[in-house]
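Written out below as structure tokens is the structure these notes cover.
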Amino acid sequence: HRGQGQSADPGEKQGPAKDVQCRQSEKRRRRFDFKPPIGMEACATAHHWARELIALGHVVKLMPPACVKAYVKRNKNDAADAEAICEAVTRPTMRFVAVKSADAQSILMLHRARHLLVRQRTAQISAMRAHLAEYGCVDGPR
């Protein structure tokens, strides 16, 4: 027969000690649940890393590099950039960039690749005309 406050498992804590342990583990869990916002400059890979961090439950804020630049106090280096980002992310007037989905990024990549090919083709045509003009092969207006 078991008395009050006794359990079948002799290793299980009882009474106030068990309550203290539960409260401490709850405090510890809440301490690690707090995730401050992560600020990053919106650069080439920032959207990928923002998606990864959001999947882990963080709040990610992307800022345009031009807006962060105003907070750089001294020479441009990694430490100064990190300090400027920390300062900028806390400002209430800071303008943030939305995190792009992988699909949106791939569509933009296709547009940029096509734009690059068109520019290269135009440059090649212009260069060929210039080389031909050096030999007097000029095709005038028709």
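Among residues of segment 77-86 being surrounded by fewer than 16 Cβ atoms within 10 Å (Cβ to Cβ) and among the acidic types (Asp, Glu), the one that is farthest from residue 60 (Cα to Cα) is 78.
Listed here are the residues, each with its yes/no results for (1) open to solvent by 70 Å² or more (accessible area, probe 1.4 Å); (2) under 25 Å from residue 37 (Cβ atoms).
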position	(1), (2)
63	no, yes
72	no, yes
75	yes, no
88	no, yes
93	yes, yes
110	yes, no
117	yes, no
128	yes, no
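Residues in segment 47-58 that are more than 10 Å from the chain's Cα centre (by Cα) and open to solvent by 60 Å² or more (accessible area, probe 1.4 Å): 55, 56.
When 59, 68, 99 are screened for being touching a Pro at 6+ places or on another chain (Cβ under 6 Å) and touching a residue at least 24 places away in the same chain (Cβ under 8 Å), only 59 passes. Here is a check on your reading of the model: is residue 117 farther than 30 Å from residue 53 by Cβ, under 29 Å from the mean Cα position of the chain (by Cα) and part of a helix (DSSP H, G or I)? Yes; evaluated as a whole, the condition is true for this residue. Within segment 36-46, is even one residue among the polar types (S, T, N, Q), surrounded by fewer than 11 Cβ atoms within 10 Å (Cβ to Cβ) and at pLDDT 90 or above? Yes, segment 36-46 contains a residue that is among the polar types (S, T, N, Q), surrounded by fewer than 11 Cβ atoms within 10 Å (Cβ to Cβ) and at pLDDT 90 or above.
The values are calculated or read from the model by the stated rules, or taken from the named source; none is laboratory data. Quantities reported herein were computed from a predicted structural model and do not represent experimental measurements. Every residue, glycine as well, gets a Cβ built from its backbone with ideal geometry; the counts of neighbours run over all protein chains shown. In case anyone asks, the SASA skips ligands and DNA or RNA and just uses the protein heavy atoms, side chains included. Shrake-Rupley method; radii C 1.70, N 1.55, O 1.52, S 1.80 Å.
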